Amino acid sequence: MRTRRYAASVALVCAAAISACTAGRGLPTLDEATSRLVADADLLLDSSGLRRSAPQRIDDGACVPGEVRGSLRAESERVDASSGLREKLQAMGYDEIADDLDLRDGRQDVTVLRDPRTLLTFELTVARGTGVRLVGTTTCYAAS
């Protein structure tokens, strides 16, 4: 009886490990993901009035040592520049993974959206009285 239970557990762990490895193969390279991030940001910002920075590779605490990710920022002092950005991201296939209720910040409205296929993430922050900030990032990749 115990052998069956352990065998079932081992089989589930192996299946999860194989699925995780197989899923990782479908991800784009860092350069491809950064290009897609820029394209999505440009499509999103087309009529918003936000100014986008050049994409860059960052090595921060979000990744393990030896990994980097792509990042870009867009900002505007006009709070109305955020109008419709969340809806546009959702129409582009991004899922909302966190919102202001999750993050509990009274001075800022924050929404985090992620594309489940590419693992690109956009964080949309509307700070009362100071403007809008959109930060886009890729997932972490081994530094080359």
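The table that follows gives values for the structure above.
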{"quantity": "Among residues of the range 79-104, those that are surrounded by 12 or more Cβ atoms within 10 Å (Cβ to Cβ), touching a Lys or Arg at 6+ places or on another chain (Cβ under 9 Å) and at pLDDT 90 or above, counted", "calculated": "4"}
{"quantity": "Test result for VAL135, in contact with a strand residue (DSSP E or B) (Cβ under 8 Å, 6 or more places away or on another chain) and either on the phi < 0 side of the Ramachandran plot or among the small types (Gly, Ala, Ser) (or both)", "calculated": "yes"}
{"quantity": "Neighbours by Cβ (under 7 Å, 6+ apart or cross-chain): first from the range 58-86, on the phi > 0 side of the Ramachandran plot; second surrounded by 12 or more Cβ atoms within 10 Å (Cβ to Cβ) and modelled with pLDDT of 85 or more", "calculated": "GLY66/ALA143"}
{"quantity": "PRO65, sole failed condition from (1) closer than 20 Å to SER35 by Cα; (2) assigned to a loop (DSSP other than H, G, I, E, B); (3) out of contact with any Cys (no Cβ under 9 Å at 6 or more places or on another chain)", "calculated": "(1)"}
{"quantity": "Check on THR118, within 13 Å of the chain's Cα centre (by Cα) and part of a loop (DSSP other than H, G, I, E, B)", "calculated": "yes"}
{"quantity": "From SER76, SER144, residue being small (Gly, Ala, Ser), modelled with pLDDT of 85 or more and touching a Leu at 6+ places or on another chain (Cβ under 8 Å)", "calculated": "SER76"}
{"quantity": "Scope the range 41-57; condition of a type outside the set (Gly, Ala, Ser) and either surrounded by 11 or more Cβ atoms within 10 Å (Cβ to Cβ) or touching a residue at least 12 places away in the same chain (Cβ under 8 Å) (or both); matching residues", "calculated": "ASP42, LEU43, LEU44, LEU45, LEU50, ARG51, ARG52, PRO55, GLN56, ARG57"}
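The values are calculated or read from the model by the stated rules, or taken from the named source; none is laboratory data. Just so it is clear, the structure is predicted and the values come from calculations on it, not from any experiment. Cβ atoms come from the backbone with ideal geometry, glycine included; neighbour counts cover every protein chain shown.
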